[in-house]
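Participant: Please read through the structure below; I'll follow up with questions.
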Amino acid sequence: MSRSQSRVAKHAELLTRWAVDIEAGDMVTIWAADSAKELVDALHAEIGKRRAEPVTVRASLDTTIGPSGSHIAEFLTSHDGEFDTPRHLRALMRETDVFVGIGATTNTNTLSHVSNEVQQRRAKAVGLIVGGVMEMEQAVFTPHPNNAWAQRAGMSLAEYEEFVYGTMFRDWERQDAKQERMRERLEAAEAARIVGPETDLTMSLDGMLAVNDVGDLNFPPGEVFTAPVVDSVDGEILFDTPSVLQGSEIVDVRLTLEEGVVTDYSARRNEAALESVLETDDGSSRFGEFGIGMNDDIGQITKQIALDEKLGGTVHLALGRAYDRTVGETREQNQSSIHFDLIKDMSDCRLELDGEVVHSGGELLIDTE
């Protein structure tokens, strides 16, 4: 077995041993682009060892558009009517016990020629599928290194493979303990404030629950997150880290919110794509997630959200749907067809929880050891 094959096999083994718990008889659904064939093959081997049953969907799953890939782009550009929720995909997901989504598109701009209006309509139609996956207890998203994402990150494929696998193969039990202490502090907080250049944003966290993601949602893991009280977010924020949305790279997003709703917005690049997301439905102009990146091995922005939102020294907020597991029994869950993460570099900022500065200059100030 070559070194590359060995790392892919280890990736598959960690996904099926650490990220999800596959039992005999489970129905396992894998969503993956063609370029992830190596990882799909390795996953099938691991699933076979556990006497479960796999099925693979030839598409990536994007939390803003649903199924994604070049064939989906052809479908969308040829379709001139209203979109229906795909009944066959809903049936598949209803029968799915374990979900594995692999990010490995061969062209990160696959959907760039599909109009924002069409993408918006499609997002509404597949919102039930996206939302259903987000609420599954046994679901994980993971990247598979390929040339497209290496180029997006500004690396050769060899460099990118070293980078990605370096973020995955580490002592996750120790990381789990570190993140759990941050989770406890976040869940105990009643309010949060982010302050920095062109940023002063407040939100209530009272009654919300915090989650320690150490692999049971994303792999590589490395974040703790919660949801703001739906109507509590006020102020302005600059997201100075690029985000890729449906093939468009959005840069320098500025948002102003009043009583939880985005009232003003701008972006230095691809503002129309941002506007399309905000106008998807009632919940897409509200934040459904607030998270803190804690994976220090990531080290740099790659424009792959599965990695970037875990980057130590950052926080992120997601427009759209909130995870059910972050919403307390007495609180409202923000509902939306989409979930779109925006990342903020905290190098020149501070995060306060109930008035206590817990994150400043890109460093956590609370004891997590």
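The values are calculated or read from the model by the stated rules, or taken from the named source; none is laboratory data. Computed from a predicted model, the values in this text were never measured in an experiment. Every residue, glycine as well, gets a Cβ built from its backbone with ideal geometry; the counts of neighbours run over all protein chains shown.
Participant: Which of (1) of a type in the set (A, V, I, L, M); (2) over 14 Å from the mean Cα position of the chain (by Cα); (3) surrounded by fewer than 24 Cβ atoms within 10 Å (Cβ to Cβ) does residue 305 not meet, given it meets every other one?
Facilitator: Among (1) of a type in the set (A, V, I, L, M); (2) over 14 Å from the mean Cα position of the chain (by Cα); (3) surrounded by fewer than 24 Cβ atoms within 10 Å (Cβ to Cβ), residue 305 violates only (2).
Participant: Scan region 174-208 residue by residue and report those that are buried (at least 19 other Cβ atoms within 10 Å of the Cβ), among the aliphatic types (A, V, I, L, M) and either farther than 13 Å from residue 292 by Cβ or not assigned by TED's automatic domain parsing to the domain that holds residue 263 (or both).
Facilitator: 201, 203, 208
Participant: Residue by residue through region 102-131, note down the ones that are buried (at least 22 other Cβ atoms within 10 Å of the Cβ), among the small types (Gly, Ala, Ser) and out of contact with any helix residue (DSSP H, G or I) (no Cβ under 6 Å at 6 or more places or on another chain).
Facilitator: 123, 127
Participant: What tally of residues in region 284-297 results from selecting those that are part of a helix (DSSP H, G or I) and closer than 23 Å to residue 218 by Cα? Outline the logic, then answer.
Facilitator: Start the filter on region 284-297 by keeping residues that are part of a helix (DSSP H, G or I), which leaves 284-285.
Filter again for closer than 23 Å to residue 218 by Cα, leaving 284.
The number of residues fulfilling the criteria is 1.
Participant: Considering only region 257-280, I want to know if a residue exists there that is more than 20 Å from residue 365 (Cα to Cα) and in contact with a Gly (Cβ under 7 Å, 6 or more places away or on another chain). Steps first, answer last, please.
Facilitator: Within region 257-280, the subset more than 20 Å from residue 365 (Cα to Cα) is 257-280.
The next check asks that each one be in contact with a Gly (Cβ under 7 Å, 6 or more places away or on another chain); those that pass are 257.
Yes, that holds for at least one residue.
Participant: Collect the residues in region 251-287 that are at pLDDT 95 or above and touching a Pro at 6+ places or on another chain (Cβ under 6 Å), keeping them in residue-number order.
Facilitator: Within region 251-287, just 287 meets the criteria.
Participant: Also, quick follow-up: Only one residue in 200, 213 is modelled with pLDDT of 95 or more, touching a strand residue (DSSP E or B) at 6+ places or on another chain (Cβ under 7 Å) and among the acidic types (Asp, Glu), so which one is that? Before the answer, list the steps.
Facilitator: Working: 213 fails: modelled with pLDDT of 95 or more.
Sole residue among the options that is modelled with pLDDT of 95 or more, touching a strand residue (DSSP E or B) at 6+ places or on another chain (Cβ under 7 Å) and among the acidic types (Asp, Glu): 200.
Participant: Output the number of the condition that residue 300 fails; it satisfies all remaining conditions of (1) polar (S, T, N, Q); (2) surrounded by 16 or more Cβ atoms within 10 Å (Cβ to Cβ); (3) assigned to a loop (DSSP other than H, G, I, E, B).
Facilitator: In the conditions (1) polar (S, T, N, Q); (2) surrounded by 16 or more Cβ atoms within 10 Å (Cβ to Cβ); (3) assigned to a loop (DSSP other than H, G, I, E, B), residue 300 misses (2) alone.
Participant: Count, please, the residues in region 194-211 that happen to be in a strand (DSSP E or B) and among the aliphatic types (A, V, I, L, M). It would help to see each step written out before you state the result.
Facilitator: First, the residues of region 194-211 that are in a strand (DSSP E or B): 194-196, 199-204, 211.
Now narrow it down to the ones that are among the aliphatic types (A, V, I, L, M): 194-195, 201, 203, 211.
So the count comes out to 5.
Participant: Take residue 89 and tell me if it is crowded, with 16+ Cβ neighbours inside 10 Å and more than 18 Å from the chain's Cα centre (by Cα).
Facilitator: Values: crowded, with 16+ Cβ neighbours inside 10 Å: yes; more than 18 Å from the chain's Cα centre (by Cα): yes.
Taking the combined requirement at face value, the residue satisfies it.
Participant: Can you work out which of the residues in region 212-264 that are of a type in the set (A, V, I, L, M), outside any loop (DSSP other than H, G, I, E, B) and under 14 Å from the mean Cα position of the chain (by Cα) is farthest from residue 284 (Cα to Cα)?
Facilitator: We begin by selecting, within region 212-264, every residue of a type in the set (A, V, I, L, M); these are 214, 217, 224, 227, 229-230, 233, 237-238, 244-245, 250-251, 253, 255, 257, 261-262.
Narrowing the set further to residues that are outside any loop (DSSP other than H, G, I, E, B) leaves 224, 237-238, 244-245, 250-251, 253, 255, 257, 261-262.
Adding the requirement that they be under 14 Å from the mean Cα position of the chain (by Cα) leaves 224, 244-245.
Values: 224: 22, 244: 17, 245: 14 Å.
Result: 224.
Participant: Yes or no: residue 356 more than 24 Å from the chain's Cα centre (by Cα), at pLDDT below 95 and not assigned by TED's automatic domain parsing to the domain that holds residue 133? It would help to see each step written out before you state the result.
Facilitator: Working: more than 24 Å from the chain's Cα centre (by Cα): yes; at pLDDT below 95: no; not assigned by TED's automatic domain parsing to the domain that holds residue 133: yes.
No; evaluated as a whole, the condition is false for this residue.
Participant: For region 230-265, which residues satisfy the criterion of being touching a residue at least 40 places away in the same chain (Cβ under 8 Å) and hydroxyl-bearing (Ser, Thr, Tyr)?
Facilitator: Matches in region 230-265: 241, 243, 248.
Participant: Return the residues of region 38-74 that are exposed (fewer than 15 other Cβ atoms within 10 Å of the Cβ), at pLDDT below 95 and either more than 25 Å from the chain's Cα centre (by Cα) or of a type in the set (Asp, Glu) (or both); say none if nothing qualifies.
Facilitator: Result: 74, single match.
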